[in-house]
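Below is one structure; the comments refer to it alone.
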Ligand code: SF4
């Protein structure tokens, strides 16, 4: 099996999925039903990273399958981004009780899973969804998703800042091969373009049962615009790659 082929990546991800299925690295293992590892194309151009699984995801083990998942799928459909061409995961593999925000030690315990997924998928673009994902992945920047959504930026791999050492490879469970310099260098710098979380859109652009009106604050519309930009960006990168290949 050739290294970095789709078959090899699928095999590596399946091994990780099996390993994390029984994870007890944080106390969320006591209340979860399933670890929601992540799903999608192993060579996805876009890697979407949300906050944590909700109730439906916890029951099914599938990311983004509840109400916010339905909205997320609708947004992709509206922007002609094919679901089968992306990979979707969350910062946390397990649902926090009552859907509360992740605690720092829970998030840190799950980082190796997220970083390993980033490493293996090796996407062209990472899309953090929501404030928590943005803050965790753009570590060191005090950003708010409502101000930063749609802003393209490059970020060093978060393990740099979190581990605090020169190589940022101190997180237990990371699979970066230390001798794979080119790959590691590439992986330690990536492009991100954040969007608001679909659950936030559901909350903000909602049906008001008192006024009996759908009250939109425009979050769904602005997210569609950003996702369209993301699709165009990916198409542009592919065109540039194709031109380089043709003239090589
Ligand atoms: S949230 Fe992550 S680290 Fe915590 S038990 Fe679940 S899979 Fe393990």
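Just so you know, all these numbers are worked out from the coordinates, no wet-lab data involved. Just so you know, these numbers come straight off a predicted model, no measurement behind them. For neighbour counting, all protein chains shown are included, and Cβ atoms are generated from backbone atoms with ideal geometry for every residue, glycine included.
Shape call for the stretch 1-74 from the C-alpha gyration tensor, a ≥ b ≥ c root eigenvalues: rounded (a/c under 1.5), prolate (a/b greater than b/c) or oblate? Oblate, since a/c reaches 1.5 and b/c is not below a/b. Exposure proxy for 238, 197: other Cβ atoms within 10 Å of each Cβ, ordered fewest to most, give 238, 197. Contact order for the stretch 1-114, expressed relative to its length and based on alpha carbon pairs under 8 Å spaced 6+ residues apart, stands at 32 percent. Among 51, 39, a tally of other beta-carbon atoms within 10 Å of each Cβ gives an order, fewest to most, of 39, 51. Fewest neighbouring Cβ atoms within 10 Å first, the residues 42, 127 line up as 42, 127. Semi-axes of the equivalent ellipsoid for the stretch 61-115, computed as √(5λ) from the eigenvalues of its C-alpha gyration tensor and ordered from largest down, come to 25, 14, 8 Å. The overall shape of the stretch 1-129 is oblate: from the C-alpha gyration tensor, with semi-axes ordered a ≥ b ≥ c, the ratio a/c is 1.5 or greater and a/b is no larger than b/c.
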